[in-house]
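**Student:** First the structure, then my questions, so here it is.
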There are 2 protein chains.
Amino acid sequence: MNLRQDVHTAGIPVLCQACEARHRGVCGALDSDQLVALAKSSSKQTIVSGAELVGDMETVDHYSNVLAGVVKLTKTLSDGRQQIVGLQFAPDFLGRPFKTESAVNAEAATNVSLCSFPKAAIERMLKQSPELEHRLLRQTLKELDEARDWMLTLGRKTASEKVASFLLLIANHIDPTMNEGEEKVTFDLPLTRADIADFLGLTIETVSRQLTKLRADGVISIENNRHVTVARRERLEARAGH
Amino acid sequence: MNLRQDVHTAGIPVLCQACEARHRGVCGALDSDQLVALAKSSSKQTIVSGAELVGDMETVDHYSNVLAGVVKLTKTLSDGRQQIVGLQFAPDFLGRPFKTESAVNAEAATNVSLCSFPKAAIERMLKQSPELEHRLLRQTLKELDEARDWMLTLGRKTASEKVASFLLLIANHIDPTMNEGEEKVTFDLPLTRADIADFLGLTIETVSRQLTKLRADGVISIENNRHVTVARRERLEARAGH
DNA sequence: TTCAGCTCTTGATCCAGGTCAATTCGCGCC
DNA sequence: GGCGCGAATTGACCTGGATCAAGAGCTGAA
């Protein structure tokens, strides 16, 4: 009856479970026939942290759904200065339609699980399915909103506001069930200090000092360099500069 | 025969000439019937420099095509620090589909000529016309690319690189016919020093000092505070930090 | 023409965050 | 356990750009 369910239970690579569960991603937009066709050409893969997914200027031959983990999108100046221009969390879509080569470098910030399909397959379906294009538009608008929020942070916030904003951003993405009322929040940082610095337009040292200050002030605590507990969310929000 | 032409020559507000001429905007995507319907509810208007088009958090009830001039999109922190997060040039589309209120403030940076339609009319057509949604997706992807480029500038470039990058950005948008080979380029700055500072995440004074330096080094000259001549484009590019 | 109200420039000083340089921590490996 | 190595912290110092403060240049109105 439910062919989509059949596709998954039949052992064809997991294509949509992650996306559909959270009402994003590309797959909910397809009918059963399209889904089967796509599933046949798709492949689930696991990427180890640090591995490069798409090089800058490289030809992109496939698109992916992020099923788990975090992918960072970076841009680099010729002298090596680097800026993270986007973070993709599950179930985001990864890839730039209508362009053959990428303007950014995509790298696994954590271990990442992906479901990829050949570019040609997606673009064929884009032409057939307005609903798929609609989803892509919605995700792109969301990414644009996030990018613009971040431009305010990069251009106008102080180092301590930047770090507080970053922690809130991660907290919101990692645990979307967390509601405003919660006092304590706990999560693992998906980025190293170097990555955080590249995201915030700061140096490693400044990030470290600001985290130390937040710890000293009792706003957060950190175990093993990664596991963060936010003691009181409101205090962090106050420091993020609203 | 050609109804689209008829619409324009019949004196119905200019809807598409600007867009079609440069293959962007919303109108080329519509068939004749849709175009007539839209033209009836559209209105051409002129906005004086400095006027606010859409307030932050304000309900958006119409979308617009920018026919001439420059619109700046800004975000502001509670203490007044401001960041320009986007510049819309003709024939860009202005408005955020699928959201009732704007997350940014839109303001006319120069005198602006707009063609606006009610939100409801556009959204009705979005459902009918996949081609319209396709155009919107393309524009949104372009804006996302631009935002990400600018994040690198905001996060990692020095003040002098930022100013050089800004001049190149304006030069490219104002005169799209200008080719790489041209040595001299001339244009009017569409932004005040204060706007440039807000765009670059700098202060007015720093922008002014960097422009003075570029003038002293013979890279540019400026008349009446607005009219810029780039003596040698390559030297400006070298300073933009590639 | 003069004046008012701006925008822009220039100078002097200050400080947030960068740079350079040790440690120290965490973790896998022998 | 001890060792090695990359990641993180911490300290001392420096500097690019902010801040504060005059002044100069445009523009428009009377």
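**Student:** Considering only Cα-Cα distances, which of the following residue pairs are longer than 27 Å: A:Lys119/B:Lys99; B:Lys75/B:Lys157; A:Lys44/A:Lys184; B:Lys99/B:Lys157; A:Lys99/B:Lys127?
**Tutor:** Long pairs (Cα-Cα over 27 Å): A:Lys119/B:Lys99; A:Lys44/A:Lys184; B:Lys99/B:Lys157.
**Student:** Here is a follow-up. Need one number: nm distance between label points at B:Asp61 and A:Ile222, each 7 Å from Cα along Cα→Cβ, rounded to one decimal.
**Tutor:** 5.0 nm
**Student:** How many nm is it between the label spots at B:Ser41 and A:His173, if each spot is 7 Å from the Cα in line with the beta carbon?
**Tutor:** So the two model labels end up 3.7 nm from each other.
**Student:** Between the range B:108-159 and the range B:206-242, how many Å separate their Cα centres?
**Tutor:** The distance from the Cα centre of the range B:108-159 to that of the range B:206-242 comes to 29 Å.
**Student:** What are the ³J(HN,Hα) couplings of the range A:152-164, residue after residue, when phi is run through the Karplus curve with 6.51, -1.76, 1.60 and θ = phi - 60°? Round to Hz, x for glycine and proline.
**Tutor:** Whole-Hz 3J(HN,Hα) from phi for the range A:152-164: 4, 4, 5, x, 10, 9, 7, 4, 6, 5, 4, 5, 4.
**Student:** Using per-residue counts of other Cβ atoms within 10 Å, averaged over each peptide, order B:40-51, B:108-119 from highest down.
**Tutor:** Most protected by this proxy first, the peptides run B:108-119, B:40-51.
**Student:** If I model a spin label as a point 7 Å beyond the Cα along the Cα-Cβ vector, how far apart are those points for B:Thr100 and A:Asp188 in nm?
**Tutor:** Output for this residue pair reads 4.0 nm.
**Student:** Put A:His62, B:His134 in order of accessible area, largest first, 1.4 Å probe: what do you get?
**Tutor:** Numbers: A:His62 70, B:His134 40 Å².
From most accessible down to least: A:His62, B:His134.
**Student:** Still on this structure: What number do you get for the range B:157-239 when its Cα radius of gyration is normalised by 2.2 N^0.38 Å, N = residues?
**Tutor:** Details: Rg = 11.7 Å, N = 83, 2.2 N^0.38 = 11.8 Å.
The range B:157-239 yields a ratio of 0.99.
**Student:** Calculate, for B:Leu77 and A:Ile204, the FRET efficiency according to 1/(1 + (r/R0)^6) with r their C-beta to C-beta distance and R0 25 Å; round to the nearest 0.05. Spell out each step's value before the answer.
**Tutor:** Working: r = 26 Å, r/R0 = 1.03.
Computed FRET efficiency for B:Leu77 and A:Ile204: 0.45.
**Student:** Per residue of A:78-91, how many C-beta atoms from partner chains lie within 10 Å of its own C-beta, taken as a mean? If you can, show how the numbers build up before the last one.
**Tutor:** Numbers: counts 2, 3, 1, 7, 3, 9, 4, 9, 4, 0, 0, 0, 0, 0.
For this peptide, the per-residue mean of nearby foreign Cβ atoms is 3.
**Student:** Give, ordered by residue number, each residue of the range A:118-143 whose 1.4 Å probe accessible area is reduced by a minimum of 20 Å² on adding the remaining protein chains to the chain alone.
**Tutor:** The answer is A:Pro130, A:Glu133, A:His134, A:Leu137, A:Arg138, A:Thr140, A:Leu141, A:Glu143.
The values are calculated or read from the model by the stated rules, or taken from the named source; none is laboratory data. Everything numeric in this text was worked out from a predicted model, so none of it was measured. Cβ sites come from the backbone with ideal geometry, for glycine too, and all protein chains shown count toward neighbours. Note: areas computed on protein heavy atoms with side chains; ligands, DNA, RNA excluded. Shrake-Rupley method; radii C 1.70, N 1.55, O 1.52, S 1.80 Å.
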